[in-house]
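Working notes, structure below.
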Amino acid sequence: MQNPLHSFQERLSKNQFLLLLSLVVGLSSGMAANVLKWIIHTIEHVLTSNFVATQGNELYLLYPVIGILLSALFIKYIVRDNIGHGVTKILYALSRNQGFIKTHNTWSSVVASGITIGFGGSVGAESPIVLTGSAIGSHVGRRYNLDHKTLMILVGCGASGAVAGIFKAPIAGLVFTIEVLMIDLTMSSLVPLLVSCAAAACVSYFISGTSTMFSFDLTNGFSVDCVPACLLLGISCGLISLYFTRVMNAFEKVFGRLKNLYLKFALGGIVIASLIYLFPPLYGEGYSTIETLLNSTDSTSAEAVMNNSWFYGHSNMLLVYLALIVLVKVFATTATNGGGGCGGTFAPSLFLGCIGGFIFASLWNMWAPFGITLATTNFALLGMAGVMSGVFHAPLTGIFLIAELTGGYQLLVPLMIVSAVSYITIHAFEPYSIYSMRLARRGELLTHDKDTSVAQLMVLDELIDKSRPTLNPDMKLGKMLQIVSNSKHLHFGVVDAAGGLLGVININELRNIIFRSEFYQTFTVEQLMQPPKDLIRTDLPMTEVMAHFNSHDNSTLAVVDAHGILVGFLTRTRLFSTYREIMKDFSEE
């Protein structure tokens with residue numbers, strides 16, 4: 001039976017069909033986001049609804065371990081693929097894989113993260129659902145054989161729809177895709193993203209109502225007197241973001257050195273179980289803690305975050321307790337993923353920001369410099385934007401997401417101050433976000449720099465001329481001329497029995513002998529070949545490939561794989577004509 005959308009593909013223009021698909025992707029992403037939230041909340045409610053608030057609970061030692069074990073076994077034996085670092089995978093797909101994301105990502109991240117977080121893993125559901133949405137977009141685009149540029153837009157539609165759906169934040173979904181995934185803001189991409197965000201948000205509104213994700217009552221509006229405090233909070237959030245990023249990378253390397261699944265699980269399980277047992281707010285996404293702090297008008301009402309812990313009733317220890325959580329949250333998050341679980345850093349960054357902002361305002365109020373007191377709830381909200389902006393290097397996403405999550409639009413000016421200062425602070429130490437730094441170090445990151453982006457969109461394998469005949473070193477000149485006579489090319493590779501490149505024959509440099517038949521049986525290819533002046537490896541990013549032609553003034557270069565096997569030849573003419581075609585497409589949009 002023919003898919004009904006195929007008939008629309010034949011009748012509609014390319015742009016009209018893209019808008020239709022963006023609607024489908026948005027609706028699907030929004031539904032996936034709500035399914036994931038339902039799985040998490042159902043499991044969490046079943047496991048923890050009977051916990052007593054006034055004491056610690058030994059089940060905190062068990063539940064998270066069970067969750068990451070089940071998730072690890074599901075990934076290893078059912079998915080059989082790595083599904084961690086969801087946003088990083090999307091960035092790689094956009095930069096190096098022409099928007100191709102494996103089909104299993106449309107469901108595998110939902111199952112794995114639902115189990116991990118529902119059982120208490122200290123991570124967020126947002127990165128997995130963003131990967132799910134992007135995979136939906138990739139799958140839909142490939143199903144209708146769309147070109148890679150359109151496919152990348154649909155990947156962005158899936159990501160933006162996922163953010164809009166899980167947070168009920170359509171503007172944040174749009175800004176996230178532009179700011180974090182580097183989808184360029186052209187009319188051909190903007191309108192589909194808007195359609196997808198609106199569709200996903202409407203799905204969430206239909207399922208759970210139009211209320212914001214967190215309830216928040218503005219205590220005091222913005223005052224210019226608070227600007228110094230906002231500046232200092234921005235710096236503090238930037239430093240918290242830097243600490244979180246650096247420690248996470250270092251701790252991930254510890255897990256990276258462990259090759260055995262069960263050793264990783266043992267280390268991750270011990271760390272996460274111990275930390276959650278001591279600090280129950282680390283259980284799951286931590287959104288209940290955020291809700292508590294955003295609605296705590298004083299330290300007494302904020303003491304609810306100490307429920308279920310051995311710190312219960314020690315109100316004088318509240319700020320120390322929260323500060324310790326800020327320090328250990330990164331270990332809980334990394335141990336969850338490193339031990340075999342699946343989750344992201346959205347929720348941890350919001351969690352840290354909320355606690356960091358609350359601590360900052362509480363400490364400020366102890367001294368009340370210049371006679372100014374701060375509303376702890378407002379600064380808890382501002383801290384959420386600050387840490388998110390720092391961790392993701394995405395100040396606009398931080399501003400609009402927090403405003404939409406809480407309805408705190410009256411605080412847009414301080415949100416802008418805190419987010420900008422946090423971003424400036426961390427950028428002085430880390431030029432890339434927690435998502436993009438791994439790709440940036442390998443030169444595989446798509447950016448808003450059009451030259452770099454166009455180079456990343458080019459696929460080396462599609463540009464290589466693989467049709468040229470190869471020569472062996474023992475071949476006589478006469479035999480060589482018979483082989484190359486039907487070719488219009490001048491450069492040919494000389495290879496050994498395994499295909500390894502030994503040298504290059506340039507016909508132009510042999511003109512003084514190729515017309516003298518007396519040499520046909522005298523000279524061999526080995527005597528006439530020259531070592532290649534320069535080579536291109538298939539694993540080089542396109543920016544470096546182009547640099548080889550620019551710096552050495554080459555017209556044709558041999559391309560070899562990682563083992564030195566000749567793949568073919570690449571010409572300057574073909575490389576730069578392709579570059580100009582893609583750049584022309586960018587300009588026309």
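The values are calculated or read from the model by the stated rules, or taken from the named source; none is laboratory data. Owing to the predicted nature of the structure, the values given are computational and were not obtained by experimental measurement. Note that we place each Cβ from the backbone using ideal geometry, even for glycine, and neighbour counts take in every protein chain shown. Keep in mind that these areas ignore ligands, DNA and RNA; they rest on the heavy atoms of the full protein, side chains included. Shrake-Rupley method; radii C 1.70, N 1.55, O 1.52, S 1.80 Å.
Under 16 Å from a label point set 7 Å out along the Cα-to-Cβ vector of Thr219, the amide N atoms of the stretch 282-296 belong to 290-296.
Using 1/(1 + (r/R0)^6) with R0 = 56 angstrom and r between the beta carbons of Leu540 and Phe370, what's the FRET efficiency to the nearest 0.05?
Numbers: r = 57 Å, r/R0 = 1.02.
It comes out at approximately 0.45.
Which whole-number percentage describes the relative contact order of the stretch 264-408, with Cα contacts under 8 Å and a sequence gap of 6 or more? Relative contact order of the stretch 264-408: 25 percent. Would you be so kind as to identify which of Ala229, Tyr144, Val175 lies farthest towards the positive end of the dipole of the stretch 136-257, taking Lys and Arg as +1 and Asp and Glu as -1 on Cβ and the Cα centre as origin? My answer, from the dipole projection, is Tyr144.
Modelled label positions at Arg80 and Asn554, each set 7 Å beyond Cα in the direction of Cβ, lie 3.9 nm from each other. 3J(HN,Hα) along the stretch 119-130: 7, x, x, 8, 9, x, 8, 6, 4, x, 6, 5 Hz, from the Karplus curve 6.51 cos²θ - 1.76 cosθ + 1.60 with θ = phi - 60°, whole Hz, x for Gly and Pro. If each Cα of the chain is one equal point scatterer, what is log10 of I(q)/I(0) from the Debye formula at q = 0.10, 0.12, 0.13 Å⁻¹? For the chain at q = 0.10, 0.12, 0.13 Å⁻¹, log10 I(q)/I(0) is -0.87, -1.14, -1.28. Of the solvent-accessible surface of the chain, computed with a 1.4 Å probe and all protein chains present, 61% belongs to carbon and sulfur. Spin-label model, Ser577 to Leu327: label points 7 Å out along the Cα-to-beta-carbon direction sit 6.4 nm apart. The 3J(HN,Hα) values that the Karplus relation (6.51, -1.76, 1.60; θ = phi - 60°) gives for the stretch 200-213 are, in residue order, 5, 5, 5, 4, 5, 4, 5, 7, 10, x, 9, 5, 6, 5 Hz. Gly and Pro appear as x. Here the spin labels are modelled as points 7 Å beyond Cα on the Cα-Cβ line, and at Trp107 and Leu73 they lie 2.0 nm apart.
Place a +1 charge on the Cβ of each Lys and Arg in the stretch 465-560 and a -1 charge on the Cβ of each Asp and Glu, then give the dipole magnitude about the Cα centre in debye, rounded to the nearest 20. Numbers along the way, then the final one.
Details: 9 positive and 10 negative charges, 73 e Å.
Roughly 360 debye, rounded to the nearest 20.
Pairs over the 21 Å Cα-Cα cut-off, from the set Lys479/Lys533; Lys76/Lys102; Lys76/Lys259; Lys37/Lys259: Lys479/Lys533; Lys37/Lys259. Given their separation in residues at 0.36 nm each and the Cα-Cα distance between them, Ser49 and Arg11 gain 8.3 nm when the chain is fully extended. Remark on Gly568: its backbone amide H falls under 5 Å from those of Val559, a criterion applied only to residues 5 or more positions apart or on other chains, H modelled at 1.01 Å from N. Across the chain, Cα pairs under 8 Å and at least six residues apart give a relative contact order of 16 percent. For the stretch 262-279, backbone phi angles converted through the Karplus equation (6.51, -1.76, 1.60; θ = phi - 60°) give residue-by-residue couplings of 6, 5, 4, 4, 4, 5, x, x, 5, 5, 5, 5, 4, 5, 5, 4, 7, 10 Hz, Gly and Pro being listed as x.
Treating the angle as unsigned and between 0 and 90°, give the value, to the nearest 10°, between the Cα long axis of helix 86-96 and the longest Cα principal axis of the chain. With both axes taken from Cα atoms, the answer is about 20 degrees. Taking a point 7 Å out from the Cα of Leu490 in the direction of its Cβ, the residues of the stretch 502-543 whose backbone N falls within less than 13 Å of it are 505-512. Comparing Cα centroids, the stretch 112-158 and the stretch 351-370 end up 36 angstrom apart. A straight chain from Asn260 to Leu20 at 0.36 nm per residue would run longer than the Cα-Cα distance by 81.8 nm.
In this structure the stretch 501-572 gives 54 Å² per residue of accessible area when probed at 1.4 Å with all protein chains present.
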